[in-house]
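Novice: Before I ask anything, let me first share the structure, which is written out below as structure tokens.
The values are calculated or read from the model by the stated rules, or taken from the named source; none is laboratory data. Not measured: the values here are computed from a predicted model. For neighbour counting, all protein chains shown are included, and Cβ atoms are generated from backbone atoms with ideal geometry for every residue, glycine included. These accessible areas exclude ligands, DNA and RNA; they are computed on the full protein's heavy atoms, side chains included. Shrake-Rupley method; radii C 1.70, N 1.55, O 1.52, S 1.80 Å.
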Amino acid sequence: MVDKEKISRAVTLLLEGIGEDTAREGLRETPERIARMYEEIFAGMDQNPQELLSKTFAAAGAGMVLEKDIVFYSICEHHLLPFYGKAHIAYLPKDEVVGLSKLARTVEIYARRPQIQEQMTSQIADALMEYLRPKGVMVVLEAEHMCMTMRGVKKPGAQTVTVVTRGAFVKEAHLQQEFWRMMGR
């Protein structure tokens, strides 16, 4: 659970630390606004995808399922700056499929935490393998990181791509090829 009072106090200290006057009109309510915002953007902290992914539907003989271009926003745990992009998820069902919205919601659960992209990609794949029990999973995240855009190397537009495969996608190269074909690449 997010402690909004602690966040508010911390934001006040941060503003004072950079030399701002926290009593000026534009900043008076900022600590409370930031606390409410953090409650929203870190809502995945207390969520588990198990419940989402446990409601399945019979689909014997179903082929690969690909949901692509799932937009996500997350916060880099190293700099507390946003990174954002698109997730692409494919899985090879055994005899059951999950509702498509559940794949996007699984992405949201992991995106709404202090996070690194590499870990998030693995967490999504592992959750799908554990709770959906498919023959295999492939997850690709493409994101721009504001810690590379606003500061440091300052390279706007640079995309970081992470790929994780599990199960049949590891063992059968043609499944990865099919994934990329379905992605239009």
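Novice: Using heavy-atom solvent-accessible surface (probe 1.4 Å) with all chains present, what is the largest-first order of His145, His78?
Specialist: Values: His145 30, His78 130 Å².
Solvent-accessible surface, decreasing: His78, His145.
Novice: Let me ask something else about it. Calculate how steeply helix 117-132 sits against the longest principal axis of the alpha-carbon atoms of the chain, using the helix alpha-carbon long axis, and give the answer as 0 to 90 degrees to the nearest 10.
Specialist: Helix 117-132 sits roughly 50 degrees off the main axis of the chain.
Novice: Which one is right for this structure if log10 I(q)/I(0) by the Debye sum over Cα atoms at q = 0.09, 0.15, 0.19 Å⁻¹ is calculated from it: (i) -0.41, -0.90, -1.24; (ii) -0.32, -0.84, -1.24; (iii) -0.29, -0.84, -1.42?
Specialist: Identified label for the calculated read-out: (i).
Novice: Excluding residues fewer than 8 places away in the same chain, name every one of the lysines whose C-alpha is closer than 27 Å to that of Lys154.
Specialist: Hits, sequence-local ones excluded: Lys86.
Novice: How large a share of the accessible area of the chain, in percent, is made up of carbon and sulfur atoms when the probe is 1.4 Å and the other protein chains stay in place?
Specialist: Working: 5470 of 10360 Å².
That fraction is 53 percent.
Novice: Arg105: accessible area at probe 1.4 Å, nearest 10 Å²?
Specialist: 130
Novice: Right, another one. Calculate the dipole size of the chain relative to its Cα centre from +1 charges on Lys and Arg beta carbons and -1 charges on Asp and Glu beta carbons; express the result in debye to the nearest 20.
Specialist: On the way: 24 positive and 25 negative charges, 104 e Å.
So the magnitude is around 500 debye.
Novice: Among 106-112, 32-38, what's the highest-first ranking by average C-beta atoms within 10 angstrom per residue?
Specialist: For the peptides 106-112, 32-38, the packing ranking is 106-112, 32-38.
Novice: Taking the dipole about the Cα centre of the chain, with the C-beta of Lys and Arg at +1 and of Asp and Glu at -1, give me whichever of Trp180, His79, Val65 is farthest to the positive side.
Specialist: Of Trp180, His79, Val65, it is Trp180.
Novice: Could you sort the peptides 129-135, 12-18 by per-residue average Cβ neighbour count (10 Å cutoff), highest mean leading?
Specialist: Descending packing order for the listed peptides: 129-135, 12-18.
Novice: Sticking with this structure for a sec: Compute the accessible area per residue over segment 79-140, keeping the other protein chains in place, probe 1.4 Å, unit Å². Display every interim value, and only then the final one.
Specialist: Details: 2290 Å² over 62 residues.
Using a 1.4 Å probe on heavy atoms only, each residue of segment 79-140 averages 37 Å².
Novice: Here is a follow-up. Relative to the longest principal axis of the C-alpha atoms of the chain, give the angle of the C-alpha long axis of helix 30-41, reported between 0 and 90° and rounded to the nearest 10°.
Specialist: 10
Novice: While we're on this one: Using 0.36 nm per residue, how much length does the chain from Glu118 to Glu16 gain when fully extended, once their Cα-Cα distance is taken away? All intermediate terms of the calculation are to be shown ahead of the outcome.
Specialist: On the way: separation 102, 0.36 × 102 = 36.72 nm, distance 3.41 nm.
Using 0.36 nm per residue and subtracting the Cα-Cα distance, I get 33.3 nm.
Novice: Right, next: When Lys and Arg each count +1 and Asp and Glu each count -1, what net charge do the other residues less than 12 Å away from Ala104, Cβ to Cβ, add up to?
Specialist: On the way: positive: Lys68, Lys86, Lys102, Arg105; negative: Glu67, Asp69, Glu108.
Around Ala104, the surrounding residues sum to +1.
Novice: Sum up the charges of everything whose Cβ sits under 10 Å from the Cβ of Glu172, counting Lys and Arg as +1 and Asp and Glu as -1, but leave Glu172 out.
Specialist: Combined, the nearby Lys, Arg, Asp and Glu give +1.
Novice: What value in Å³ per residue do you get for the convex hull of the alpha-carbon atoms in segment 17-91? Show your work: numbers first, answer last.
Specialist: Details: hull volume 10.7 nm³, N = 75.
It is 143 Å³ per residue.
Novice: Between helix 4-17 and the chain, what is the angle of the helix's C-alpha long axis to the longest principal axis, kept within 0 to 90° and rounded to the nearest 10?
Specialist: 60
Novice: In straight Cα distance, which aspartates and glutamates are under 17 Å from Lys4, not counting same-chain residues fewer than 8 positions off?
Specialist: Result set, ordered by chain and number: Glu29, Glu32, Glu39, Glu40, Asp46.
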